[in-house]
Amino acid sequence: MASTQALKLRIRSVKNTRQITKAMQLVAASKMRRSQEATKASAPYTLAARQLLTALSGRASVKDHPLFVQRPVKSRLLIVIASDKGLAGAYNSNVLRLFTQELASDAKANIRTTTITVGKKASQFVARLKSADMLGLYDELPDRPDGKQLRAILDNARQLFEAGTVDAVDVIYTDFVSSISQEAKVQRVLPAGFEPAAEAGVAKDVLYEPSVDAVLSGVAYRLVGAQLFQALLDSRASEHSMRMMAMKNATDNASDLVDDLTLAMNKARQAAITQELAEISGGVEALNE
(Lines give C-alpha, C1' and ligand atoms only; values in the text may rest on other atoms or scores of the structure.)
Protein backbone atom coordinates (compact mmCIF):
# COMPACT_ATOMS: atom_id res chain seq x y z
CA MET A 1 0.00 0.00 0.00
CA ALA A 2 1.24 3.48 -0.86
CA SER A 3 2.43 5.72 1.94
CA THR A 4 0.16 8.43 3.30
CA GLN A 5 2.55 11.12 2.05
CA ALA A 6 2.41 9.77 -1.52
CA LEU A 7 -1.38 9.54 -1.35
CA LYS A 8 -1.60 13.15 -0.10
CA LEU A 9 0.49 14.35 -3.03
CA ARG A 10 -1.66 12.42 -5.47
CA ILE A 11 -4.89 13.74 -3.95
CA ARG A 12 -3.54 17.28 -4.24
CA SER A 13 -2.62 16.67 -7.89
CA VAL A 14 -6.06 15.25 -8.75
CA LYS A 15 -7.79 18.18 -7.01
CA ASN A 16 -5.73 20.64 -9.06
CA THR A 17 -6.71 18.77 -12.23
CA ARG A 18 -10.34 18.85 -11.15
CA GLN A 19 -10.19 22.63 -10.76
CA ILE A 20 -8.87 22.94 -14.33
CA THR A 21 -11.48 20.63 -15.85
CA LYS A 22 -14.24 22.39 -13.91
CA ALA A 23 -13.10 25.77 -15.24
CA MET A 24 -12.93 24.40 -18.79
CA GLN A 25 -16.42 22.96 -18.37
CA LEU A 26 -17.81 26.36 -17.36
CA VAL A 27 -16.05 28.13 -20.25
CA ALA A 28 -17.32 25.55 -22.75
CA ALA A 29 -20.85 25.86 -21.37
CA SER A 30 -20.77 29.63 -21.84
CA LYS A 31 -19.45 29.32 -25.40
CA MET A 32 -21.95 26.58 -26.18
CA ARG A 33 -24.83 28.79 -25.12
CA ARG A 34 -23.76 31.58 -27.45
CA SER A 35 -23.04 29.18 -30.33
CA GLN A 36 -26.36 27.42 -29.83
CA GLU A 37 -28.22 30.71 -30.03
CA ALA A 38 -26.34 31.61 -33.22
CA THR A 39 -27.02 28.32 -35.00
CA LYS A 40 -30.70 28.32 -34.02
CA ALA A 41 -31.11 31.92 -35.19
CA SER A 42 -29.71 31.18 -38.66
CA ALA A 43 -31.36 27.75 -39.13
CA PRO A 44 -34.71 29.06 -40.53
CA TYR A 45 -32.88 31.17 -43.14
CA THR A 46 -30.72 28.21 -44.14
CA LEU A 47 -33.77 25.97 -44.49
CA ALA A 48 -35.49 28.57 -46.65
CA ALA A 49 -32.33 28.82 -48.77
CA ARG A 50 -32.28 25.06 -49.30
CA GLN A 51 -35.95 25.05 -50.26
CA LEU A 52 -35.48 27.89 -52.72
CA LEU A 53 -32.45 26.23 -54.30
CA THR A 54 -34.43 23.00 -54.62
CA ALA A 55 -37.27 24.82 -56.30
CA LEU A 56 -34.89 26.61 -58.67
CA SER A 57 -32.96 23.46 -59.54
CA GLY A 58 -36.14 21.88 -60.89
CA ARG A 59 -36.54 24.57 -63.54
CA ALA A 60 -35.21 23.84 -67.01
CA SER A 61 -34.04 27.45 -67.39
CA VAL A 62 -31.41 27.09 -64.66
CA LYS A 63 -29.73 23.89 -65.85
CA ASP A 64 -26.93 25.86 -67.52
CA HIS A 65 -26.24 28.12 -64.57
CA PRO A 66 -22.63 27.59 -63.36
CA LEU A 67 -23.71 26.65 -59.84
CA PHE A 68 -26.44 24.22 -60.95
CA VAL A 69 -24.60 22.24 -63.64
CA GLN A 70 -24.96 18.50 -63.06
CA ARG A 71 -21.99 16.41 -64.19
CA PRO A 72 -20.97 12.79 -63.60
CA VAL A 73 -18.87 12.88 -60.45
CA LYS A 74 -15.30 12.00 -61.40
CA SER A 75 -13.68 14.38 -58.93
CA ARG A 76 -14.94 15.76 -55.65
CA LEU A 77 -13.97 18.47 -53.19
CA LEU A 78 -14.46 17.71 -49.48
CA ILE A 79 -14.57 20.59 -47.00
CA VAL A 80 -13.77 19.01 -43.63
CA ILE A 81 -14.72 21.04 -40.54
CA ALA A 82 -13.04 20.05 -37.25
CA SER A 83 -11.66 22.02 -34.29
CA ASP A 84 -8.43 23.83 -33.52
CA LYS A 85 -8.15 22.26 -30.06
CA GLY A 86 -8.63 18.87 -28.50
CA LEU A 87 -10.28 17.79 -25.22
CA ALA A 88 -13.68 17.68 -26.95
CA GLY A 89 -14.55 14.02 -26.52
CA ALA A 90 -15.26 12.22 -29.79
CA TYR A 91 -15.94 15.43 -31.75
CA ASN A 92 -12.85 15.35 -33.98
CA SER A 93 -12.62 11.56 -34.25
CA ASN A 94 -16.24 11.32 -35.49
CA VAL A 95 -15.64 13.84 -38.27
CA LEU A 96 -12.28 12.40 -39.30
CA ARG A 97 -13.63 8.84 -39.27
CA LEU A 98 -16.41 9.92 -41.63
CA PHE A 99 -13.82 11.67 -43.80
CA THR A 100 -11.71 8.50 -44.12
CA GLN A 101 -14.85 6.57 -45.04
CA GLU A 102 -15.60 9.07 -47.81
CA LEU A 103 -12.00 8.81 -49.05
CA ALA A 104 -12.26 5.04 -49.18
CA SER A 105 -15.60 5.26 -50.99
CA ASP A 106 -14.17 7.66 -53.58
CA ALA A 107 -11.09 5.49 -54.11
CA LYS A 108 -13.31 2.46 -54.70
CA ALA A 109 -15.40 4.41 -57.23
CA ASN A 110 -12.29 5.87 -58.94
CA ILE A 111 -13.23 9.40 -57.91
CA ARG A 112 -10.38 11.84 -57.36
CA THR A 113 -10.73 13.62 -54.01
CA THR A 114 -9.43 17.06 -53.06
CA THR A 115 -9.70 18.40 -49.52
CA ILE A 116 -10.05 21.78 -47.85
CA THR A 117 -9.70 21.64 -44.07
CA VAL A 118 -11.13 23.95 -41.43
CA GLY A 119 -9.47 23.58 -38.03
CA LYS A 120 -5.98 22.47 -36.97
CA LYS A 121 -7.05 18.95 -36.03
CA ALA A 122 -8.35 18.33 -39.54
CA SER A 123 -5.26 19.91 -41.12
CA GLN A 124 -2.88 17.78 -39.05
CA PHE A 125 -4.82 14.61 -39.78
CA VAL A 126 -5.07 15.15 -43.55
CA ALA A 127 -1.38 16.15 -43.76
CA ARG A 128 -0.46 12.70 -42.44
CA LEU A 129 -2.50 10.87 -45.09
CA LYS A 130 -0.57 9.99 -48.23
CA SER A 131 -3.80 9.37 -50.14
CA ALA A 132 -5.28 12.81 -49.36
CA ASP A 133 -4.73 15.85 -51.60
CA MET A 134 -5.07 18.96 -49.42
CA LEU A 135 -5.82 22.09 -51.40
CA GLY A 136 -6.07 24.58 -48.54
CA LEU A 137 -6.42 24.94 -44.79
CA TYR A 138 -8.16 27.47 -42.60
CA ASP A 139 -7.28 27.59 -38.90
CA GLU A 140 -8.26 29.73 -35.92
CA LEU A 141 -11.66 30.76 -37.29
CA PRO A 142 -13.88 32.52 -34.73
CA ASP A 143 -17.15 31.02 -33.51
CA ARG A 144 -18.99 33.20 -36.03
CA PRO A 145 -16.81 33.65 -39.15
CA ASP A 146 -17.17 36.99 -40.87
CA GLY A 147 -17.96 37.44 -44.54
CA LYS A 148 -14.32 37.69 -45.61
CA GLN A 149 -13.39 34.37 -43.98
CA LEU A 150 -16.47 32.62 -45.34
CA ARG A 151 -15.96 33.92 -48.86
CA ALA A 152 -12.33 32.74 -48.84
CA ILE A 153 -13.52 29.14 -48.44
CA LEU A 154 -16.60 29.48 -50.64
CA ASP A 155 -14.80 31.24 -53.51
CA ASN A 156 -12.16 28.52 -53.56
CA ALA A 157 -14.84 25.85 -53.88
CA ARG A 158 -16.87 27.78 -56.45
CA GLN A 159 -13.88 28.43 -58.71
CA LEU A 160 -12.98 24.75 -58.74
CA PHE A 161 -16.56 23.75 -59.50
CA GLU A 162 -17.18 26.35 -62.21
CA ALA A 163 -13.86 25.49 -63.89
CA GLY A 164 -14.84 21.82 -63.97
CA THR A 165 -11.87 20.80 -61.81
CA VAL A 166 -14.32 19.15 -59.43
CA ASP A 167 -17.80 17.87 -60.20
CA ALA A 168 -19.20 18.12 -56.67
CA VAL A 169 -18.48 19.91 -53.40
CA ASP A 170 -19.45 18.27 -50.11
CA VAL A 171 -19.10 19.51 -46.54
CA ILE A 172 -18.24 17.10 -43.72
CA TYR A 173 -19.30 18.64 -40.44
CA THR A 174 -21.07 17.90 -37.14
CA ASP A 175 -24.78 18.65 -37.12
CA PHE A 176 -25.94 20.21 -33.85
CA VAL A 177 -29.15 18.41 -32.90
CA SER A 178 -29.15 19.33 -29.21
CA SER A 179 -26.69 19.93 -26.39
CA ILE A 180 -26.48 16.16 -25.82
CA SER A 181 -26.86 14.96 -29.41
CA GLN A 182 -24.53 15.76 -32.32
CA GLU A 183 -24.07 13.84 -35.56
CA ALA A 184 -21.24 13.89 -38.09
CA LYS A 185 -22.68 14.07 -41.59
CA VAL A 186 -21.95 14.89 -45.23
CA GLN A 187 -23.91 17.58 -47.06
CA ARG A 188 -23.64 18.54 -50.71
CA VAL A 189 -23.49 22.24 -51.48
CA LEU A 190 -22.49 22.17 -55.16
CA PRO A 191 -24.09 21.63 -57.58
CA ALA A 192 -26.78 23.75 -55.96
CA GLY A 193 -30.17 22.23 -55.38
CA PHE A 194 -31.40 19.13 -53.62
CA GLU A 195 -33.64 16.22 -54.38
CA PRO A 196 -37.21 17.57 -54.11
CA ALA A 197 -38.34 14.42 -52.30
CA ALA A 198 -35.79 15.07 -49.58
CA GLU A 199 -37.04 18.58 -48.84
CA ALA A 200 -40.48 18.89 -47.33
CA GLY A 201 -42.36 22.10 -47.84
CA VAL A 202 -40.58 23.28 -50.98
CA ALA A 203 -42.54 26.10 -52.54
CA LYS A 204 -43.72 25.28 -56.06
CA ASP A 205 -46.06 28.11 -57.03
CA VAL A 206 -43.59 30.96 -56.79
CA LEU A 207 -43.20 34.07 -58.93
CA TYR A 208 -39.65 35.32 -59.50
CA GLU A 209 -39.30 39.05 -60.12
CA PRO A 210 -37.99 40.45 -62.35
CA SER A 211 -36.93 37.04 -63.74
CA VAL A 212 -35.50 33.69 -62.73
CA ASP A 213 -32.11 34.64 -64.20
CA ALA A 214 -32.01 37.87 -62.22
CA VAL A 215 -32.86 36.02 -59.03
CA LEU A 216 -30.20 33.42 -59.72
CA SER A 217 -27.46 35.95 -60.41
CA GLY A 218 -28.33 37.82 -57.23
CA VAL A 219 -28.97 35.13 -54.65
CA ALA A 220 -27.66 31.70 -55.76
CA TYR A 221 -24.13 32.32 -54.53
CA ARG A 222 -25.39 33.72 -51.23
CA LEU A 223 -27.79 30.84 -50.68
CA VAL A 224 -25.00 28.31 -51.22
CA GLY A 225 -22.85 30.31 -48.82
CA ALA A 226 -25.63 30.23 -46.23
CA GLN A 227 -25.39 26.45 -46.11
CA LEU A 228 -21.64 26.52 -45.56
CA PHE A 229 -22.07 29.18 -42.88
CA GLN A 230 -24.69 27.03 -41.12
CA ALA A 231 -22.34 24.03 -41.21
CA LEU A 232 -19.64 26.13 -39.54
CA LEU A 233 -22.06 27.33 -36.85
CA ASP A 234 -23.38 23.81 -36.21
CA SER A 235 -19.84 22.45 -35.97
CA ARG A 236 -18.77 25.05 -33.45
CA ALA A 237 -21.88 24.57 -31.29
CA SER A 238 -21.29 20.79 -31.39
CA GLU A 239 -17.63 21.26 -30.46
CA HIS A 240 -18.44 23.34 -27.39
CA SER A 241 -21.21 20.95 -26.35
CA MET A 242 -18.98 17.89 -26.59
CA ARG A 243 -16.13 19.66 -24.80
CA MET A 244 -18.49 20.67 -22.00
CA MET A 245 -19.65 17.06 -21.58
CA ALA A 246 -16.07 15.74 -21.75
CA MET A 247 -14.89 18.17 -19.08
CA LYS A 248 -17.93 17.38 -16.91
CA ASN A 249 -17.11 13.67 -17.12
CA ALA A 250 -13.47 14.42 -16.31
CA THR A 251 -14.49 16.52 -13.30
CA ASP A 252 -16.82 13.80 -12.02
CA ASN A 253 -14.13 11.15 -12.49
CA ALA A 254 -11.63 13.32 -10.62
CA SER A 255 -14.07 13.68 -7.73
CA ASP A 256 -14.55 9.91 -7.59
CA LEU A 257 -10.79 9.41 -7.70
CA VAL A 258 -10.27 11.87 -4.83
CA ASP A 259 -12.82 9.95 -2.75
CA ASP A 260 -11.08 6.64 -3.50
CA LEU A 261 -7.65 8.06 -2.72
CA THR A 262 -8.90 9.65 0.50
CA LEU A 263 -10.32 6.32 1.59
CA ALA A 264 -7.03 4.60 0.76
CA MET A 265 -5.10 7.28 2.68
CA ASN A 266 -7.34 6.85 5.74
CA LYS A 267 -6.85 3.10 5.60
CA ALA A 268 -3.07 3.52 5.31
CA ARG A 269 -3.06 5.97 8.23
CA GLN A 270 -5.19 3.62 10.33
CA ALA A 271 -2.91 0.69 9.49
CA ALA A 272 0.14 2.75 10.51
CA ILE A 273 -1.49 3.72 13.82
CA THR A 274 -2.49 0.11 14.50
CA GLN A 275 1.06 -1.03 13.80
CA GLU A 276 2.51 1.60 16.12
CA LEU A 277 0.10 0.60 18.90
CA ALA A 278 1.03 -3.05 18.43
CA GLU A 279 4.74 -2.19 18.64
CA ILE A 280 4.19 -0.15 21.83
CA SER A 281 2.16 -2.94 23.41
CA GLY A 282 4.83 -5.44 22.47
CA GLY A 283 7.51 -3.26 24.01
CA VAL A 284 5.57 -2.80 27.25
CA GLU A 285 5.06 -6.56 27.56
CA ALA A 286 8.77 -7.15 26.94
CA LEU A 287 9.67 -4.74 29.80
CA ASN A 288 7.23 -6.41 32.19
CA GLU A 289 8.74 -9.86 31.68
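The values are calculated or read from the model by the stated rules, or taken from the named source; none is laboratory data. In this text the structure is predicted, and so the values were computed from the model without any measurement. Ideal geometry is used to build each Cβ from the backbone, glycine not excepted, and the neighbour counts take in all protein chains shown.
Only residues that are in contact with a Phe, Trp or Tyr (Cβ under 8 Å, 6 or more places away or on another chain) and at pLDDT below 80: list them for segment 147-204, please.
Hits for segment 147-204 are Gln149, Ala192, Gly193.
Please name all residue pairs, on different chains or six or more residues apart, with Cβ atoms under 6 Å, provided the first residue is in segment 118-130 and is under 14 Å from Thr100 (Cβ atoms) and the second residue is part of a helix (DSSP H, G or I).
If the second residue must be part of a helix (DSSP H, G or I), the pairs left are Lys121/Asn92; Phe125/Leu96.
Could you tell me which residue of segment 71-82 is nearest to Asp139 (Cα to Cα), considering only residues that are assigned to a loop (DSSP other than H, G, I, E, B), of a type outside the set (Val, Ile, Thr) and in contact with a strand residue (DSSP E or B) (Cβ under 9 Å, 6 or more places away or on another chain)?
As a first pass, look at segment 71-82 and keep what is assigned to a loop (DSSP other than H, G, I, E, B): 71-74, 82.
Those still in the list that are of a type outside the set (Val, Ile, Thr) too: 71-72, 74, 82.
Adding the requirement that they be in contact with a strand residue (DSSP E or B) (Cβ under 9 Å, 6 or more places away or on another chain) leaves 71, 74, 82.
Working: Arg71: 31, Lys74: 29, Ala82: 10 Å.
Filtering segment 71-82 for residues that are assigned to a loop (DSSP other than H, G, I, E, B), of a type outside the set (Val, Ile, Thr) and in contact with a strand residue (DSSP E or B) (Cβ under 9 Å, 6 or more places away or on another chain), the one nearest to Asp139 (Cα to Cα) comes out as Ala82.
Which of the residues that make up segment 178-193 are surrounded by 13 or more Cβ atoms within 10 Å (Cβ to Cβ) and of a type in the set (A, V, I, L, M, F, W, C)?
So the first thing to find is which residues in segment 178-193 are surrounded by 13 or more Cβ atoms within 10 Å (Cβ to Cβ), and the list is 179, 182-193.
Hits for segment 178-193 are Ala184, Val186, Val189, Leu190, Ala192.
Taking Glu140 and the conditions (1) among the charged types (D, E, K, R); (2) modelled with pLDDT of 85 or more; (3) under 17 Å from the mean Cα position of the chain (by Cα), which numbered condition does it fall short on, given that it satisfies the others?
Of the numbered conditions (1) among the charged types (D, E, K, R); (2) modelled with pLDDT of 85 or more; (3) under 17 Å from the mean Cα position of the chain (by Cα), the odd one out for Glu140 is (2).
Determine whether Val69 is modelled with pLDDT under 70 and among the β-branched types (Val, Ile, Thr). Break it down stepwise before answering.
Details: modelled with pLDDT under 70: no; among the β-branched types (Val, Ile, Thr): yes.
No.
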